[in-house]
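Since every read-out is calculated from the coordinates, none of them should be taken as a lab result. Predicted, not measured: the structure shown is a model, and the values here were computed from it. In this analysis, Cβ positions are derived from the backbone assuming ideal geometry, glycine residues included, and neighbour counts consider all displayed protein chains.
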Protein chains: 2
Amino acid sequence: MLSCMHEHDGPLTRLRRSHEQAVLELLRRHGPLSRADLSTRSGLSRTTLHDIVAGLVGSGSVVVGTPHVEVRKRGRPVEKLSLNPAAGEAVGIDFARRAVHVAAVNFAHEVIGSASESHPADLNWPERIDLAHRLLATLAAGPAADDRRDGAVHLDALSAIGVGVVGPLTDPGSEKAHAQAIDGLPDLLRKRFGVPVLLDNNTRLAALAEAVWGAAADSSDVLYLRLSHGVGGGLVVGGALHRGRNGLSGEFGHITVDPAGRPCDCGGTGCLETRASLDAVLYRYRESGGRAGDLAGFLSAAADGERPALDVLERVGSDVGGVLAAVCQAVGPGVVVIGGELAAAGPALLEPVERALRQQLMPLARHHVDVRRATLGEAGSALGGIALVLHESPLLSHYPQPVTEENA
Amino acid sequence: MLSCMHEHDGPLTRLRRSHEQAVLELLRRHGPLSRADLSTRSGLSRTTLHDIVAGLVGSGSVVVGTPHVEVRKRGRPVEKLSLNPAAGEAVGIDFARRAVHVAAVNFAHEVIGSASESHPADLNWPERIDLAHRLLATLAAGPAADDRRDGAVHLDALSAIGVGVVGPLTDPGSEKAHAQAIDGLPDLLRKRFGVPVLLDNNTRLAALAEAVWGAAADSSDVLYLRLSHGVGGGLVVGGALHRGRNGLSGEFGHITVDPAGRPCDCGGTGCLETRASLDAVLYRYRESGGRAGDLAGFLSAAADGERPALDVLERVGSDVGGVLAAVCQAVGPGVVVIGGELAAAGPALLEPVERALRQQLMPLARHHVDVRRATLGEAGSALGGIALVLHESPLLSHYPQPVTEENA
């Protein structure tokens, strides 16, 4: 059912899509309408309207019924058209390194549930997809389903799946093994779920989710940074996910902090990731005489005010703030959101980040950006997959946009 | 005549605009058409079409004529509608620090001329506007006008003016003096030219112009850096100028290169501008034992292969490349364009820039960006003003988009 919008479609294709969107919007706003009503309200001719409606019925987006029979002069009941209540459901899946996360929304675009399960890092793709399918089935059967108007999550009525995966998604033909593995993934998913699949980097999807449902739901220009085993992020520009040419954007973790620094897994030198990944932070912490051996211990030590832990967070925050300042000068986001496991350190991390950020921003810009902690947790990327579907599907692209100053 | 598109307009306003665009696109593509033809080709009902056409005629975008009289059964001649050939003209003005640049396009969106004149830095706004008006009048009377199909540039038929000004444009109410001065500028321009005015930072406009007509006309994701008395730039994202929240984007010159460096005019410390502005470059050059006293002498020394000049360009290029790498990691543009007076140094500057850029990009991204020298020169920002009008006006937004991989 899903056919994504493309900026460079011809004007007449765009015109047809705008007609489809207008019809869907009228049905969304007014409920069931007759073809005559739709024609009047949309300004489309009968012929055009019939053509557009036929396409929407054919795709399953619109259903024909006579819920409130009216009798016209000649005695024939008036057919009413309405949105297919089963058609708007969307699912997000996040294939993280060692876990699968899923989430689903109903037709009202309410999140009806999410689920997660860990797995070994070497689990193969068919087994990961099986796991995702099983997790989604638990949502369909789960207690949350009882509250829904139409009774159950119809996985067989999904319009599309938004999927997050680890690592940058570059051109097909890249020599990176994970990119090759991912080449076959959309096909596997399409075969299993029978619907179109939209794929993006899972950290970028977390950025989109924070801008739609999370810490930056009031802003349409958002910089999201995730501090985890890797350091990455994403940009939301004007309410839409920014991908960049060849998908290589939001790679904040590979911005150079120290050209003479340590080698990074990306092949570069002195990247932010070599200073701010979980491993790098724990390494710095142990070098500073910290006692705790793992992240939980480190976070607990920081919460207790242990000096080596706080010092390390201060230094990490300073590095992170400097990189964020450079990106903010270039992009000018309204909100910076910090997520990932390290964000659990709270103000002990965020305050140094904000201090370094503001200090390195030009004075004119210093008070035009907020720094906030991410709110969506581990379900963020799966929710971002849903947001991707909602934003890119012509059926669903009227999903409420993040509030901006203009429409607040 | 101009009414800008707003992302957050309601769906029915958007629908009306898409109808207007469809009608204008059909007239642009097919030439004069009757209302009946327009109705058939657009799919709009007669009622809607008449309403849309009435609005377009009222705004002056469309004219009614009977260029090829056809006689219908009842003997009444068929009115043909066509685009108003005088209505589509747009003008760009760049109010630089010490000069005014203007440029104009005809209805076919061909640049018919540009003109410039220097002035003292303290010239007041009414006098600058007079100067712009006089320069535009020379275009209207100039030899270029003879080549045009309709004979003369009708300044009184302008649809809009795109204007570039120096400095960041932040919220009204900012305490910066130049922002206050600019508050009254749109009114002064509107009074003088009698048409809507679109205002933006002139360096950002140069970025847009390079992406539409210049060095990056084949790319829709462009990073433009200007190395001049100040250091600034702009981002074109998906073929559109990226402004950022509160207009504070593209400020590459105020990205920190050395937190312990020299104070910058922006109030910050160690910004790229303190190392790569013309003054900073000439200062470094003289400190290195360079003999030439001004930019022309410096550029000439570099062209002659003088060691101190080349060393300075190497160091500036390294600083610039490092900042560009950080922004490219975040934004992922396909093309980086370097403009401003220092770009005249050519490969002696651009090669070190590119070397540092690639060295600090993550290996996966190294070959996904081109570095090019700007091609539009001092008229760039005025041309960008035109591009702004062409992109933001519903009348003109079908101006050919930059070619991308999808539509190449």
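Would you work out which of B:Leu272, B:Ser288, B:Gly346 lies farthest towards the positive end of the dipole of the stretch B:243-381, given +1 charges on the beta-carbon of Lys and Arg and -1 on that of Asp and Glu, about the Cα centre? Going by the charge dipole, the pick is B:Leu272. The amide H of B:Ile255, built 1.01 Å from its N in the peptide plane, has B:Leu272, B:Glu273 as neighbours under 5 Å, considering only residues 5 or more places off or on other chains.
When the alpha-carbon atoms of the stretch A:211-279 are used, the pair Rg, Dmax equals 13.6, 40 angstrom. Annotation for B:Ala36, label-to-label distances across the other copies: 2.7 nm (shortest first, one decimal, point 7 Å from Cα along Cα→Cβ).
For Cα pairs less than 8 Å apart in space and 6+ apart in sequence, what is the mean separation divided by the residue count of the stretch B:217-375, i.e. the relative contact order in percent?
Details: 287 pairs, mean separation 36.8, N = 159.
Reported relative contact order: 23 percent.
With a 10 Å cut-off around each Cβ of B:264-271, the average count of Cβ atoms from other chains is 4.
Scanning residues 5 or more positions from A:Val163 or on other chains, those with amide H under 5 Å from its amide H are A:Ile93, A:Leu198, A:Leu199, A:Asp200, with H placed 1.01 Å from N in the peptide plane. The Rg/Rh ratio for the stretch B:301-354, using Cα coordinates for both the radius of gyration and the Kirkwood hydrodynamic radius, is 1.02.
Each residue of the stretch B:330-338 is assigned a 3J(HN,Hα), and the resulting list reads 7, 10, x, x, x, 9, 10, 10, 10 Hz, derived from the Karplus form 6.51 cos²θ - 1.76 cosθ + 1.60 (θ = phi - 60°), x at Gly and Pro.
Computed from the Cα positions only, the extents of the stretch B:170-326 along the three principal axes stand at 53, 39, 32 Å, in decreasing order. Listed values for the stretch A:98-103 are Karplus-derived 3J(HN,Hα) couplings in whole Hz (6.51 cos²θ - 1.76 cosθ + 1.60, θ = phi - 60°), namely 10, 6, 10, 10, 10, 8, and x replaces Gly and Pro. Taking amide H as placed 1.01 Å from N in the peptide plane, A:Val62 has its amide H under 5 Å from the amide H of A:Val57, A:Asn84, each at least 5 places away in sequence or on another chain.
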